[in-house]
Amino acid sequence: MSPKASLEAAASNGNGNGKADGAHPRPLGAVIADTPVMRELQSFVADIEDLVTATTSMSAEDLARAKAKLASRMASAQQSAKDAGTAVDQYTHTNPWKAVGMGAAAGTLIGLVFGALLARRA
């Protein structure tokens, strides 16, 4: 399944109309959290945590195998990130005004947070 198709499938919540309940689209955070890229990232982080806890009792051979496994996982994660970037690029070209709206909303939210933080300092 292509990254764009998996993102669209996650957004549609399986009913095929792009709406989570037939009336409202799923929030972007819910769509992103339910993608193969996020599952890959969570798995990668879990592998690193396991490696960190196990390195104290590993032999040189075990460390070499762990390094090879980690390199393989990093390559897989990099490919997933590239696929996600491609999907985002395709989405923004297909829906430019939605992308502008999301950017404006994110900018407004960041501005409000920084404004509140600066107001607390004064």
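Each reported figure results from applying straightforward, stated rules to the coordinates on display, with no laboratory input. Bear in mind that the values here come from a model prediction, so they are computed numbers and not experimental data.
Side notes on the structure shown:
- The convex hull drawn around the Cα atoms of region 49-121, when projected onto a plane and averaged over every direction, covers 8.6 nm².
- Karplus 3J(HN,Hα) series, Hz, for region 104-121 with 6.51 cos²θ - 1.76 cosθ + 1.60 (x for Gly, Pro): 5, 5, 5, x, 5, 4, 5, x, 5, 5, 5, x, 5, 5, 5, 5, 5, 5
- Full-stretch length increase - Met58, Ala116 - with 0.36 nm per residue and alpha-carbon distance subtracted: 16.0 nm
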